[in-house]
Amino acid sequence: MEEFKVTPWEVSGRVDYDKLIRQFGTTKIDGALRERMVRLCGGDEPHHMLKRDFFFSHRDLNLVLDDYEKGKGFFLYTGRGPSKAMHIGHLVPLIFTKWLQDVFKTNLYIEVTDDEKFLNKREYEWAEIQKNADDNILDIAAVGFDPERTFIFKDSVYVRNVYPLLMKTARKITGSTAKAVFGFDDSTNIGMQFYPAYQVIPTFFEKKRCLIPCAIDQDPFWRIQRDVAETLGYYKTSAIHSRFLPPLQGITGKMSSSGGQETAILLNDDEKMVKNKISKYAFSGGQATVEEHRKLGGNPDVDVPYQWLNILFEPDDSKLKKIHDDYRSGKLLTGELKAILIECINAFLKEHREKRKKAEKLVERYTRNGKLATEMWERTYE
Ligand code: TYM
């Protein structure tokens, strides 16, 4: 069996998600829990990422839903480590988070970790990271969160409001815990060893349960949070984890900003670039020749264009099923499947760019003067 590795900063190999659940000690989302979510959606269809088991694992999601049903409510928290350009994989948790916010009408906190990026990526200067962070915030805002119930903040800017709580939290996390959970060693800079305390802090923003939608690579942070939360007078956090949107080259690892231009679709790729990348690099589950493909059919399970349609770009179940069946039977050719994906991505990116333009006017409400943002700037955490 091929080995795989999943940490918040590195994912490699073909991830065995069942094994990962056991390694991380999380819980699989089973049929009963999924049905409970569907029921609570008020008759609406659940998001296709939930329906199709892309969000597949959780911690204490049932407790969050209990609190919701009791009328106590809960809040959402997610985040982003800013880089030059976001890729479509980064939108996955954000799109799902927006769906959760729309359904459950909750507050949402989005942490932009300029500090983490600076500490972890030696090639970046501080000023460049600030530019990237501000640019990424526009892409985040374009997802369309409720501007009165959403607070987006950069760590370095909001730190004053949380410093005492950050200290209280950091004091509870020993070096050996950080080493064991994150694999830090003596060459890891001490900033990085401290940083996890800050990623824990937003789970304490309200005295309610916190639900964190993210890919499963972020889970080690929640393990630390769950060790210290109750001793600080807060709830252990809940989380709902996704698998990874794979890179263009095949279904191992994850799409990542550092994987190189030809492994990811960036949010600012133009139509020609999208067409070029998909045609040239997208790993195909099709056969080597048209004749063979017609005879033997393709394999959607390893086909990156099919997987991307499944995860992100084709929410319509019946359309997706037809693509799946036609590809399997050999009726749909690799080139034709890629053409479907190229059209979907270009339509998606066009809409994203329009939303991003409109979001320029909204950014201040998310970061400064919307209802929740105003409250957050008036509040300090001790
Ligand atoms: P970052 O910027 O590496 O990733 C942002 C979010 O995107 C998810 N993600 C992916 N999801 C699906 N497919 C992929 N290929 C893929 N690549 C990344 C990540 O799991 C993450 O949810 N330390 C964090 C920032 C952070 C955060 C948080 C994230 C701070 N607080 C709370 C989630 C929740 C980071 O650098 O994320």
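For the range 340-367, enumerate the residues that are of a type in the set (D, E, K, R) and under 24 Å from the mean Cα position of the chain (by Cα).
Kept after step one, since they are of a type in the set (D, E, K, R), are these residues of the range 340-367: 343, 350-351, 353-358, 360-361, 364-365.
Residues satisfying the conditions are 343, 350, 351, 353, 354, 355, 356, 357, 358, 360, 364, 365.
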Test residue 313 against the criterion of being out of contact with any Cys (no Cβ under 6 Å at 6 or more places or on another chain) and hydrophobic (A, V, I, L, M, F, W, C), and give yes or no. no
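Residues to consider are 103, 92, 64; find the one that is closer than 15 Å to residue 213 by Cβ and under 13 Å from the mean Cα position of the chain (by Cα).
Selected residue: 92, the only one of 103, 92, 64 that is closer than 15 Å to residue 213 by Cβ and under 13 Å from the mean Cα position of the chain (by Cα).
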Tell me, please, whether a residue that is within 14 Å of the ligand (Cβ to nearest atom) and β-branched (Val, Ile, Thr) can be found in the range 56-68. no
Among (1) surrounded by fewer than 19 Cβ atoms within 10 Å (Cβ to Cβ); (2) at pLDDT 95 or above; (3) farther than 28 Å from residue 121 by Cβ - the single one residue 75 does not satisfy: (1)
Residues being in contact with a helix residue (DSSP H, G or I) (Cβ under 8 Å, 6 or more places away or on another chain) and under 17 Å from residue 220 (Cβ atoms) - total across the range 16-48: 6
Return the pair list, or none, for Cβ contacts closer than 7 Å from residues in the range 311-334 that are free of Cβ contacts under 8 Å to residues at least 12 places away in the same chain to residues that are assigned to a helix (DSSP H, G or I), at least 6 apart or on different chains. 320/309; 320/310
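Looking only at helices (runs of 4 or more DSSP H) that lie completely in the range 282-382, which have at least 3 residues being more than 25 Å from residue 248 (Cα to Cα)? Lay out the reasoning, then the answer.
Numbers: elements: 290-296, 304-308, 317-329, 334-359, 371-378.
Correct list: 334-359, 371-378.
Could you tell me which residue of the range 217-242 is nearest to the ligand (Cβ to nearest atom), considering only residues that are assigned to a loop (DSSP other than H, G, I, E, B) and crowded, with 20+ Cβ neighbours inside 10 Å? Full working, then the answer.
Here is the first cut: in the range 217-242, the ones assigned to a loop (DSSP other than H, G, I, E, B) are 229, 233-237.
Pick out the ones that are also crowded, with 20+ Cβ neighbours inside 10 Å and you get 229, 234-235, 237.
On the way: 229: 15, 234: 16, 235: 16, 237: 10 Å.
Among residues in the range 217-242 that are assigned to a loop (DSSP other than H, G, I, E, B) and crowded, with 20+ Cβ neighbours inside 10 Å, the one nearest to the ligand (Cβ to nearest atom) is 237.
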Of residues in the range 186-215 being under 12 Å from residue 76 (Cα atoms) and in a helix (DSSP H, G or I), the one farthest from the ligand (Cβ to nearest atom): 204
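In this structure, does residue 34 turn out to be over 23 Å from the mean Cα position of the chain (by Cα), surrounded by fewer than 19 Cβ atoms within 10 Å (Cβ to Cβ) and modelled with pLDDT under 95? Lay out the reasoning, then the answer.
On the way: over 23 Å from the mean Cα position of the chain (by Cα): no; surrounded by fewer than 19 Cβ atoms within 10 Å (Cβ to Cβ): yes; modelled with pLDDT under 95: yes.
No: the conditions fail for residue 34.
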Every residue from the range 9-44 that is in a loop (DSSP other than H, G, I, E, B), in contact (Cβ under 8 Å) with a residue 12 or more places away in the chain and either acidic (Asp, Glu) or closer than 15 Å to residue 245 by Cα (or both): 13, 14, 15, 16, 44
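Of all residues in the range 95-154, count the ones that are among the small types (Gly, Ala, Ser) and either closer than 30 Å to residue 69 by Cβ or touching a Ser or Thr at 6+ places or on another chain (Cβ under 8 Å) (or both).
Summing the residues that are among the small types (Gly, Ala, Ser) and either closer than 30 Å to residue 69 by Cβ or touching a Ser or Thr at 6+ places or on another chain (Cβ under 8 Å) (or both) in the range 95-154 gives 1.
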Subset of the range 69-103 (residues that are away from the ligand (no atom under 13 Å from the Cβ) and farther than 22 Å from residue 201 by Cβ): 69, 70, 71, 98, 99, 102, 103
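The values are calculated or read from the model by the stated rules, or taken from the named source; none is laboratory data. Owing to the predicted nature of the structure, the values given are computational and were not obtained by experimental measurement. Cβ sites come from the backbone with ideal geometry, for glycine too, and all protein chains shown count toward neighbours.
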